[in-house]
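Rule-based calculations on the coordinates, nothing more; no lab input. Source: prediction; values computed, not measured. Every residue, glycine among them, receives a Cβ derived from its backbone with ideal geometry; neighbour counts consider all protein chains shown.
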Amino acid sequence: MSSTPARSQKLSSGSVSLGDGRVLFLTADTDTLRRQLDGEVLTSAQVQGIPLLDNISTDEITPGWVCFFYDETLGRYVYAGLRHGGIEKDDFVKARPTVVVSGISKGCGSSRETAPYAEKWAGAKVIVAKNIEKIYGQNCQNIGLLTTTDFGVVERLERGEAIPVEEFTRGLDAIGADIVRHGGLFPYNRARLAGEVAPPPVTTAARPMNLVEKIIARKAVADAATGRLGVPAVAPGDSLFCRADVRFTHDYVTPMAAALFKEFLGDKARVRDTESVYAFRDHLTFIGKVMSKKHREMGLLEHANALRTTQEAFCKEQGIRLYDEVAAGGSEAICHNAVLEDIALPGQLVIGSDSHTCTAGALATFAFGVGATDIANAWYTRDIRVVVPEVIRVELTGTLSESVSAKDVMLKILADPYIKAGKAIGQVLEFTGSAVTAMNMDERATLTNMAVEGAATTGIIAADAVTKAYLEGLGRWDSALDEWLEIRSDRAAEYAHRIAINLDSLRPMVALPGDPRNGVFLDELETEKSGPIAVDIAYGGSCTGGKMTDMDLYASVLRRAVDAGLKVADGVHLYIQFGSQLIKKYAEDKGYIATFEAAGAELVNPSCGACIRAGPGVSDDPSQVTVSAINRNFPGRSGPGSVYLASPLVVAASAIAGYIVEPDRMPLTKEGQRHRPLKSAAA
């Protein structure tokens, strides 16, 4: 396997045409898609009326196992995880897809840059969709893959027209447009460092600003030559570079970013300011436990292990702090939990090679995920390009009942029509209100962690007494941070949208399989499905569901069951996974480990694990049903089975009951477990 990705090149022709390729329509109709892959060429007119696939995630474009590659091999496996199934090696390459067309929300999910790289290396030059997810779209720009939401482009290409690249810059910010013109971020930065191109100065006059805008204004690179930071004000749409306080990667991405870094700057290049750079061996520590025989025979376990070796070598060479594996298995911490516990501070700008970098927004940081190309550039320049985002103000009032938690709140927010329709793409969710003030840090982190599931760039919560107490407890607060206790969004700050929810009447929620935005009340789910939904797997863990408060919630339910003489229902496997070693110690000190074991749970050390189909808790058959406390349930992400997202309370109660159930309706007798005929949602 080559260790050096192909370099993006400036589009010398200044235009793009269909050439010897063709348009490939990603249709919801399996037969129509298969016919195209088998060589049939269809036109826009011929597919009119056939629904296009919506919400195609990066997990479907490049499933986790495909990401063990980071060279041209990616193109041979593109769309191997598509929900249709049956997409085989080289199917897309043989189809010669110059243009790939789909429906709404293209590229949702993880920030993995392998997805657009795979499409590019399969032959694609243009991606067309009704709307493009923010991180995916930026990653496409970074590598010279053109994107558009103008479906008229498809018909023009079909007619043989050569379309100027300039047309693909419409609606982009100034920096993004220049990156497209240069054919990618590396060529752009090469010109930038040579003084051939420069980002436009920020000229926004003083104005009322929200919290995100205030952080961006402080971190703006006002003078690249001197390193001077700060501008008076910014406004949505302003395009600029900002100094990153924290830059981190994990074992899936570090090797690709390292290869890009050295390709751009040479083998002797050095990462700058390594005291603010971190790497994590947290995604693939358990991959050997769950990798299929088929994938082992393909040599993928060796490729996965090679990612670890490459990351270790790069971190040692560059002097980067590596959160590594532990002797007992698993890692020191999942990156997002470690960033909360050890690294991020209020007012900082945090970037990471993972979409759930937004978790750190709970600490009043502007934190967001980026791709390998962005990280590789930021290692050297220390800055990151930012388009000032619009902000959605989410005001939460009222009081949560004992049967609901922040996970239910977030599933309710994600089901809001504005967010479900994809209108929040690239925006920020600012969580405010008395109910947020009442939440502890772990519950706040659940909100910010899942902001990206609504296609938002990140989530953020202003610092307050809870923030200070949390960081003081970790020995990480000093007087210099006191100012952030007073910094708030201005009263006259502008918002793109407002969502107001009173939590007094909120009931337990679940998200139906396929998308975190498929939220419904649990009692409505039972009515819709004509009875409770039997489960095979109950999974409590991940960065979302593996925090200290989540351990409190699992224990509160499982202790009731154990006291009643019950264990996990026959036929159900309950997993509880800790987000960090600190969280595991907390569970030990609270006596939760004995409760978990008495209930029949399998305990798993910190790692991303089943959340990315890389550890204990994954399904291995399409008929299996999982109820999970993770953050997303895109097709295939946690195995071939159906995944319902729910709170830690519902996950624990469902494990005891044998079916998805509200915690206050959990049966407390053996007769109540699977006490009536149940239907599997996957049947």
Q) Do any of Lys94/Lys130; Lys412/Lys585; Lys134/Lys420; Lys268/Lys316; Lys94/Lys262; Lys94/Lys120 go past 22 Å between their Cα atoms, and which? A) Lys94/Lys130; Lys412/Lys585; Lys94/Lys262
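Under the definition of Cα pairs under 8 Å and six or more residues apart, what whole-number percent is the relative contact order of the range 510-672?
It rounds to 33 percent for the range 510-672.
Between Arg207 and Ser17, how high is the FRET efficiency from 1/(1 + (r/R0)^6) when r is the Cβ-Cβ distance and R₀ = 35 Å? Nearest 0.05.
Step by step, r from the Cβ atoms, then E = 0.20.
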Q | Residue-averaged 222 nm ellipticity for the chain, from DSSP H runs of 4+ at -39500 (n - 2.57), nearest 500 | A | -8500 deg cm²/dmol
Q. In percent, how large is the relative contact order of the chain, given Cα pairs closer than 8 Å and 6 or more residues apart?
A. 12 percent
**Q.** Residue order, fewest to most surrounding Cβ atoms within 10 angstrom, among Val339, Val562, Val78
**A.** Val562, Val339, Val78
**Q.** the chain, Rg to Rh (Cα coordinates; Rh as Kirkwood inverse mean 1/r)
**A.** 0.95
Q) If you line up the Cα atoms of the range 510-672 on their principal axes, what length do they span on each, largest first, in Å? A) 41, 35, 24
Q. Using a simple spin-label model with points 7 Å from Cα along the Cα→Cβ vector, what separation in nm is obtained for Glu524 and Ala45?
A. 4.3 nm
Q | Positive-end extreme of charge dipole, the chain - chosen from Ala225, Cys335, Ala28 (charges on Cβ) | A | Ala225
(Q) Please enumerate, by chain and number, the lysines with C-alpha under 22 Å from the C-alpha of Lys293, excluding those fewer than 8 residues away in the same chain. (A) Lys89
**Q.** Percentage, to the nearest whole number, of Cα pairs in the range 385-505 over 26 Å apart
**A.** 22 percent
**Q.** Karplus-derived HN-Hα couplings along the range 469-479 (A = 6.51, B = -1.76, C = 1.60, θ = phi - 60°), whole Hz, x at Gly and Pro
**A.** 4, 4, 6, 4, x, 9, x, 10, 10, 9, 4
(Q) Given the range 547-632, report the % of alpha carbon pairs whose separation exceeds 19 Å. (A) 39 percent
(Q) If you take every DSSP beta bridge fully contained in the range 540-683, what fraction is antiparallel? Give it as a percent rounded to 5. (A) 10 percent
Q) Within the range 476-496, whose backbone N sits under 19 Å from a point 7 Å along Cα→Cβ of Lys423? A) 494-496
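Among Glu390, Glu196, Glu133, rank each residue by its count of other Cβ atoms within 10 Å, from fewest to most, as a rough exposure measure.
The fewest-first ordering by Cβ neighbours comes to Glu196, Glu390, Glu133.
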Q. Residue by residue through the range 661-672, which ³J(HN,Hα) values in whole Hz follow from phi under the Karplus form 6.51 cos²θ - 1.76 cosθ + 1.60 (θ = phi - 60°), with glycine and proline marked x?
A. 8, 5, x, 7, 10, 5, x, 10, 10, 5, 5, x
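Tell me, what are the semi-axes, in whole angstrom and largest first, of the equivalent ellipsoid of the range 15-192 as set by the roots of 5 times the Cα gyration tensor eigenvalues?
Calculated on Cα positions only, the semi-axes equal 23, 20, 14 Å.
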Q. For the range 23-33, what does the Karplus curve 6.51 cos²θ - 1.76 cosθ + 1.60, with θ = phi - 60°, yield as ³J(HN,Hα) per residue in whole Hz, taken in order and with x for Gly and Pro?
A. 8, 10, 9, 7, 8, 6, 7, 4, 4, 4, 5
Q: Quickly work out the Ala306-to-Thr399 label distance, labels modelled 7 Å from Cα along the C-beta direction, and quote it in nm with one decimal.
A: 5.9 nm
Q: Would you mind getting me the FRET efficiency between Lys316 and Ala480? Use the beta-carbon distance for r and R0 = 45 Å, nearest 0.05.
A: 0.90
Q: Order by neighbour count: Arg96, Arg22, Arg491, fewest other Cβ atoms within 10 Å first, most last.
A: Arg491, Arg96, Arg22
(Q) Please list, by residue number, everything in the range 360-401 whose backbone N is under 15 Å from a paramagnetic label point 7 Å out along Cα→Cβ of Glu494. (A) 388-393
Q | Gap separating the Cα centres of the range 397-434 and the range 640-672, nearest whole Å | A | 23 Å
Q: Pull up the DSSP beta bridges for the range 15-192 and report the antiparallel fraction as a percent, rounded to 5.
A: 20 percent
Q: Diagonalise the Cα gyration tensor of the range 161-225 and give the resulting equivalent ellipsoid semi-axes, square root of 5 times each eigenvalue, largest first, whole Å.
A: 27, 17, 9
(Q) For the chain, give me the percentage of DSSP beta bridges that are antiparallel, rounded to the nearest 5 percent. (A) 25 percent
